[in-house]
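For reference, the structure discussed in these notes is given below.
No value in this document is a laboratory result; all are computed from the given coordinates. Just so it is clear, the model here is predicted, and its values are computed rather than measured. In this analysis, Cβ positions are derived from the backbone assuming ideal geometry, glycine residues included, and neighbour counts consider all displayed protein chains.
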There are 2 protein chains.
Amino acid sequence: MSVAVLCGGVGAARFLRALAGVHPTNDTVGIVNTGDDTVLHGLSISPDIDTITYTVAGAIDPERGWGLRDETWRAMEALARYAERRPAGSRAAPTWFNLGDQDLATHFYRTARLAEGATLTQVTAEIAAAWGLQQHLLPMSDERVSTMVGLRDEGVEVAFQEYFVQRRHSVPVSSVRFDGADSARPTRQVMAALHDASAIVVAPSNPLVSIAPIRALTGIDELLAGRREQVVAISPIVGGAALKGPADRMLVELGMEASVVGIARLYASIAATLVIDPVDAALAPQIEAAGMRVVITESVMKTADIGRELARRTLAAAGMPV
Amino acid sequence: MSVAVLCGGVGAARFLRALAGVHPTNDTVGIVNTGDDTVLHGLSISPDIDTITYTVAGAIDPERGWGLRDETWRAMEALARYAERRPAGSRAAPTWFNLGDQDLATHFYRTARLAEGATLTQVTAEIAAAWGLQQHLLPMSDERVSTMVGLRDEGVEVAFQEYFVQRRHSVPVSSVRFDGADSARPTRQVMAALHDASAIVVAPSNPLVSIAPIRALTGIDELLAGRREQVVAISPIVGGAALKGPADRMLVELGMEASVVGIARLYASIAATLVIDPVDAALAPQIEAAGMRVVITESVMKTADIGRELARRTLAAAGMPV
């Protein structure tokens, strides 16, 4: 009776924490987007995996929503000396991507293990275990897929973090592309988890840049479509707004609707059910018209009780006895 | 009237600082050993270059003799979580090589610039400039040379830092080898500096693992031998003991003499003069017998005055008007 969760970062992390209240953690598999992964200063950085690991471990900074609590920033502060003086054209010493001093250890370990020949799947499991996680965390692929974002006003395509962090996701986008997705495969662990799961949850993550990279891998959408009755998506759009991040603006900029109906149209082919918040109850008929069943329950996880109920209703929608 | 100094780490750094009191800093070139360079956590680390940069900048930790003052160690502390749990056979998350949080910025910058295609020569100059150095610091080569140390009791050969830091240079050595030196070339900047210098100083650094890697590069010893009258070495052995590090033990373990006479035998072919401390004055005849002239002056740089006098006497021995 395992549960597989397609995951981006913060929203997925919070859902996994909530899910732990209603389902055994060692029967839970998080399948995590790695399209945001980047290399900075020579270090291999997997932001979504780390956000989930730290959040589920209870070590995340609750204010920021990313990075470790009680963090210090001495390395980044010292980097300014070089950033201010780097030669024209150099992108060395980027100070726009904050890496906390303690957080660096995670990137050090990941980088060294990958250099030793370990797969990202292995390293992710080792890091999760080091933080005491019972859940199985799986990167979507051991091969590199890079989410590339077209910027409308600059007329250029940049790597995801250059949009999301460097430009604070405040500029309009014109395209999203998953570089490498044509040839990258999901891991066999990912395929097995999705094949075996009693319920598959699409976490309340950005559908365009967190869930879409996973779906872009060969075979994922076909597998999900074939198991559509067991797939339940939780809308990351509540009352027309993204719970976090730029999903609402991106949907509009890319010609979709920033509403639970827009989400339903994106997910109808792979998920039978969409979980929405009561504020969007009036849109249920349009979701059904788009081809999805609707579950209405509080979906903003402000309290542990709300989170647990959201998790319980989500599993029930997939036909699991909870 | 430029001065070129063949450099290891701490001893050379202190000599460069002393030299600044008697010779224009912008006419001083430090040619620095990179045989100690290593990659840890994916980061390119050049210990001797950094020790010199930080020391000349006045930013070195005066107690430790390496790393930055007012340093913190949060990243290293956090690394323990992974070091304790890494799989058998993995060498990821090495905690035996301490990297301070502020110091990390230097390795971040170097790593990123090298990844952009900059040479180590360029990056070293940029880092030195960022710290306000007027002296020109040149890595001995832009190609990789790795000092490998044979360990007598373990019967294995290890990279220099595994001997020097991991084993605290407390185990007997059976060999020293410079992997890559056959094919690595000194940079044209190094050759030009040695060619043009009015005086060439061999700093009081370990002759076997700091100076020898520079000498192992094609053409260096020939050039030095041809300019032998302008080359002055400062003995790193005083009263039979190394000022710092394991040079005295290494000399004996490798079948040489841990004395100024042993040093003279190593340097006689490339340097006309050896500077020794008054405590070794009685050995002057043996140094002369080995083929070197002797200059006797206080060589332990306990005060700025002693350092300046050492520098002045050293330049004078090369025939410079000081």
- [ ] Take A:256, B:250 and order them by how many other Cβ atoms sit within 10 Å, fewest up front.
- [x] A:256, B:250
Open item on the list: How far, in nm to one decimal, is residue B:25 from itself in the other copies if the label point is set 7 angstrom along Cα toward Cβ? Shortest first, please.
Closed with: 5.4
- [ ] Compute the label zone of residue A:61 within the range A:241-264: residues whose backbone N is under 18 Å from the point 7 Å along Cα-to-Cβ.
- [x] A:245
Open item on the list: Within 11 Å, Cβ to Cβ, of residue A:181, how many net charges do the neighbouring residues add up to if Lys/Arg are +1 and Asp/Glu are -1?
Closed with: +1
Task: Residues whose placed amide H lies under 5 Å from that of residue A:174, excluding near-sequence neighbours - done: A:150, A:151, A:152
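For a footprinting-style exposure proxy, rank A:1, A:76, A:292, A:320 by other Cβ within 10 Å, fewest first. Please list the in-between numbers first.
Numbers: A:1 13, A:76 24, A:292 27, A:320 18.
Sorted ascending by nearby Cβ count, the order is A:1, A:320, A:76, A:292.
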TODO: Using R₀ = 60 Å, calculate the FRET efficiency as 1/(1 + (r/R₀)^6) where r is the Cβ-Cβ separation of residue B:129 and residue A:2; round to 0.05.
DONE: 0.60
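Counting only other chains, what is the mean number of Cβ atoms within 10 angstrom of the Cβ of each residue in peptide A:91-104?
Partner Cβ neighbours, averaged per residue: 5.
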- [ ] Using only Cα atoms, locate the centre of the range A:115-178 and the centre of the range B:65-96, then give the distance between them in Å, rounded to an integer.
- [x] 25 Å
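With +1 on the Cβ of every Lys and Arg and -1 on the Cβ of every Asp and Glu, and nothing else charged, how large is the dipole of chain A about its Cα centre, in debye rounded to the nearest 20? Can you show the working numbers first?
On the way: 29 positive and 36 negative charges, 10 e Å.
Roughly 40 debye, rounded to the nearest 20.
Given the -39500 (n - 2.57) contribution per DSSP H run of 4+ residues, what per-residue ellipticity at 222 nm results for the protein assembly as shown, rounded to the nearest 500 deg cm²/dmol?
Values: 24 runs with 222 residues, N = 644.
Computed mean residue ellipticity for the protein assembly as shown: -10000 deg cm²/dmol.
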TODO: Could you pull out every one of the lysines with an alpha carbon less than 30 Å from that of residue A:244, ignoring same-chain neighbours closer than 8 positions?
DONE: A:302
- [ ] List the chymotrypsin sites (Phe, Trp or Tyr not before Pro) within the range A:47-105 that fall in a DSSP loop (any state other than H, G, I, E or B) and whose Cβ has at most 14 other Cβ atoms within 10 Å.
- [x] A:96
Open item on the list: In the range A:213-276, if the dipole is taken from +1 on Lys/Arg beta carbons and -1 on Asp/Glu beta carbons about the Cα centre, which of A:218, A:233, A:254 is farthest to the positive end?
Closed with: A:233
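What does the charge count near residue A:242 come to, summing +1 for each Lys or Arg and -1 for each Asp or Glu among other residues with Cβ under 11 Å from its Cβ?
Values: positive: A:244, A:249; negative: A:248.
Once all neighbours under 11 Å are counted, the net charge is +1.
Please compute, for peptide B:66-78, the average count of beta-carbon atoms on other protein chains lying within 10 Å of each residue's beta-carbon. Display every interim value, and only then the final one.
Values: counts 0, 0, 2, 0, 1, 2, 4, 2, 13, 13, 5, 3, 11.
Rounded to a whole number, the mean comes out at 4.
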- [ ] Counting only DSSP beta bridges with both residues in chain A, tell me the antiparallel percent, nearest 5.
- [x] 45 percent
Task: For residue B:40, residues with placed amide H under 5 Å, excluding near neighbours - done: B:45
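Report the FRET efficiency, 1/(1 + (r/R0)^6), for residue A:188 and residue B:80, where r is their Cβ-Cβ distance and R0 is 35 Å, rounded to 0.05.
E(calc), rounded to 0.05, equals 0.60.
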Task: Farthest toward positive dipole pole in the range A:188-276 [+1 Lys/Arg, -1 Asp/Glu at C-beta], among A:275, A:209, A:263 - done: A:209
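Just rank B:119, B:273, fewest to most, by other beta-carbon atoms within 10 angstrom. Don't jump to the answer; show the numbers that get you there.
Numbers: B:119 16, B:273 25.
Ordered from fewest to most neighbouring Cβ atoms within 10 Å, B:119, B:273 come out as B:119, B:273.
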- [ ] Using a cut-off of 12 Å between beta-carbons, work out the net charge of the residues near residue A:124 (Lys and Arg +1, Asp and Glu -1, residue A:124 not included).
- [x] -3
TODO: Provide an ascending nm list, one decimal, of label-point separations from residue A:221 to the equivalent residue in each further copy; define each label point as 7 Å from Cα along Cα→Cβ.
DONE: 6.7
Open item on the list: Take residue B:170 and residue B:27, extend 7 Å from each Cα along the Cα→Cβ direction, and tell me the distance between the two endpoints in nm.
Closed with: 4.7 nm
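Sort out the exposed loop trypsin sites (Lys or Arg not before Pro) in chain A (DSSP loop, at most 13 other Cβ within 10 Å) and tell me the longest stretch that has none. Could you put the intermediate results ahead of the total?
Values: sites that count: A:64, A:91, A:152, A:168, A:302.
In short, A:169-301.
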TODO: Would you mind giving the mean number of other chain beta-carbons within 10 Å of the Cβ of each residue in B:264-270, as a whole number?
DONE: 0
- [ ] Could you pull the copy-to-copy label distances for residue A:255, with points set 7 Å along Cα to Cβ, in nm to one decimal and sorted shortest first?
- [x] 7.8
Task: Gap separating the Cα centres of the range A:257-322 and the range B:241-282, nearest whole Å - done: 79 Å
